[in-house]
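The values are calculated or read from the model by the stated rules, or taken from the named source; none is laboratory data. A quick note: this is a predicted structure, and the numbers were derived from the prediction, not measured. As a convention, Cβ positions derive from the backbone with ideal geometry for all residues, glycine included, and neighbour counts pool all protein chains shown.
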Amino acid sequence: MDSKKLRINSTGLNGSIDIPGDKSISHRSIMLGAIAQGKTVVNNFLPGDDCLSTISCFEKLGVKITQNKDHVEIEGAGFDGLREPIEILDTGNSGTTTRLMVGLLSGIPIHTCMIGDESIAKRPMKRVTEPLRQMGAKIDGREDGNFTPLSIRGGSLQGIDYVSPVASAQVKSSILLAGLNANGITSVTEPHKSRDHTERMLRAFGCEVEEAGLTVKVNGGQKLVGTNIQVPGDISSAAFFLVAGAIVPNSRITLKNVGMNPTRTGIVDVLVKMGARLEIENERVENNEPIADLTIQTSELKGIEIDGDIIPRLIDEIPVIALLATQAEGKTVIKDASELKVKETNRIDTVVGELTKLGAKIEPTEDGMIISGEKKQLTGGHVHSHGDHRIGMMLAIAACIANAEVTLSDPESISVSYPTFFEHLDYLIEEK
């Protein structure tokens, strides 16, 4: 399907849905399960394209993985049980798979080659290959290891104390995974705290992780033990329906079993600050990850400024936050978000360009955007996901408040993180 006509909705979005499993946690459950000793069982795994790329890569490394929709069983091979693959490891569209696996493979005495799709070929890898080389990793790639394809000749590593110039969970996790196979202690210090799913899951697999302020440390030589993982619903996916519930008239949506990791809940903080009618219920903890049910209703919103420490906690949600801001009273300013330029697309440019097509008043800045909220319906038009799943979903929600037909090119990109997105959207439109 090259394009999809999106449904305009004037009667509200109503109902309750279970959000698919968290993409970040699903990736890590496969990776840590593969290098653990014994069996790992994963429930509510996200069977999106990105996470399936992670499974494919580890199967090529000799790990036995059985997947049935959102249920996955992994026969852990341990670090020593990974075998040199005959084939190139194709990470598809997944930056998480690419960057974390570079770190994991750097300390294993095998040769691997890694490639991704056209989008991955443009995303900077030196942010992980450079510190890994400081640990002793032998990595080659385009432009001195800054772009895929990458070639990794794994071997002996030495722990380092790395001060990262960016707050990035992918950078931090890549180095920590390398540190598990390094001599001595490996530490990563960030300018702001990034999402901490790796640290939490390492503990669930029996690994000791030390945290002090913005620094995380692991000792090399630790063994992981297989376990059972219940993946919470992905708050980055929930964000699209949280925004929809707030801006589509006559709406009330309940999202069940949503991950509420404090390094990811910036979207909740923004909604509350803007005045959204949001309820958080049934709070609990599973596998070291907090979970809750969220109910959102149509709300009167006001513009705010979003910058500083909160940005790493909502970096993936900024496209849909920009849409949210178009329906607020007054101006919303997003700053300190230059990381958006190196996502699946340059999300500053794509968000501004696509929402402008629908009549939004939004302008780009060097590190973010300025949105003039006018609380009025958007217009119709032809928009494009640019192969970016989060842009595609944002535009689908935008169509719900348009006054004319919206057609989305390349809707297939949404399957990367939310294969049932349109099914859930249709259900909420029809449920009364």
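Things worth noting here:
- Residues being of a type outside the set (A, V, I, L, M, F, W, C), surrounded by 17 or more Cβ atoms within 10 Å (Cβ to Cβ) and more than 18 Å from Ile296 (Cβ to Cβ) - total across the stretch 1-27: 7
- Screening the stretch 111-137 for residues that are basic (Lys, Arg) and without any contact (Cβ under 8 Å) to a residue 24 or more places away in the chain and picking the one that is nearest to Ser164 (Cα to Cα) gives Lys126.
- Matching entry among Glu366, Glu329, Glu405 (being among the acidic types (Asp, Glu), within 21 Å of Ala244 (Cβ to Cβ), out of contact with any Cys (no Cβ under 6 Å at 6 or more places or on another chain) and modelled with pLDDT under 95): Glu405
- Candidates Glu339, Glu366, Glu305, Glu354: the one that is of a type in the set (Asp, Glu) and more than 28 Å from Asp410 (Cα to Cα) is Glu305.
- Scanning the stretch 296-311 for residues that are in contact with a helix residue (DSSP H, G or I) (Cβ under 8 Å, 6 or more places away or on another chain), under 20 Å from Met260 (Cα atoms) and not hydrophobic (A, V, I, L, M, F, W, C) turns up just one, Gln297.
- Candidates Ile253, Ile310, Ile280, filtered to the one that is crowded, with 20+ Cβ neighbours inside 10 Å and among the β-branched types (Val, Ile, Thr): Ile253
- Flag for Leu82 being in the same structural domain as Lys223 (by TED's automatic domain parsing), under 26 Å from Ser417 (Cβ atoms) and either out of contact with any Phe, Trp or Tyr (no Cβ under 9 Å at 6 or more places or on another chain) or not polar (S, T, N, Q) (or both): no
- Taking the stretch 237-265 as the range and being among the small types (Gly, Ala, Ser) and assigned to a helix (DSSP H, G or I) as the test, the residues that pass are Ser237, Ala238, Ala239, Ala244, Gly245, Ala246.
- Among the residues examined, Glu344 qualifies as among the acidic types (Asp, Glu), under 18 Å from the mean Cα position of the chain (by Cα) and surrounded by 19 or more Cβ atoms within 10 Å (Cβ to Cβ).
- The stretch 259-270: number of residues that are closer than 18 Å to Ser299 by Cβ and either in contact with a Gly (Cβ under 7 Å, 6 or more places away or on another chain) or surrounded by fewer than 24 Cβ atoms within 10 Å (Cβ to Cβ) (or both): 3
- Any hit, the stretch 220-232, residues being of a type in the set (Lys, Arg), touching a helix residue (DSSP H, G or I) at 6+ places or on another chain (Cβ under 7 Å) and assigned to a loop (DSSP other than H, G, I, E, B): no
- Selection from the stretch 33-75 of residues that are touching a helix residue (DSSP H, G or I) at 6+ places or on another chain (Cβ under 6 Å) and closer than 22 Å to Gly206 by Cβ: Ala34, Ile35, Gln37, Thr40, Val42, Phe45, Thr54, Phe58, Val63, Ile65, Ile74
- Members of the stretch 39-55 that are surrounded by 18 or more Cβ atoms within 10 Å (Cβ to Cβ) and either more than 18 Å from Val258 (Cα to Cα) or outside the structural domain of Ile86 (by TED's automatic domain parsing) (or both): Thr40, Asp49, Asp50, Cys51, Leu52, Ser53, Thr54, Ile55
- Any hit, the stretch 368-377, residues being of a type in the set (A, V, I, L, M) and closer than 25 Å to Glu118 by Cα: no
- Scope the stretch 383-432; condition hydrophobic (A, V, I, L, M, F, W, C) and either part of a loop (DSSP other than H, G, I, E, B) or free of Cβ contacts under 8 Å to residues at least 24 places away in the same chain (or both); matching residues: Cys400, Ile401, Ala404
- Residue in the stretch 1-32 that is nearest to Ala238 (Cα to Cα), counting only those that are in a helix (DSSP H, G or I) and among the β-branched types (Val, Ile, Thr): Ile25
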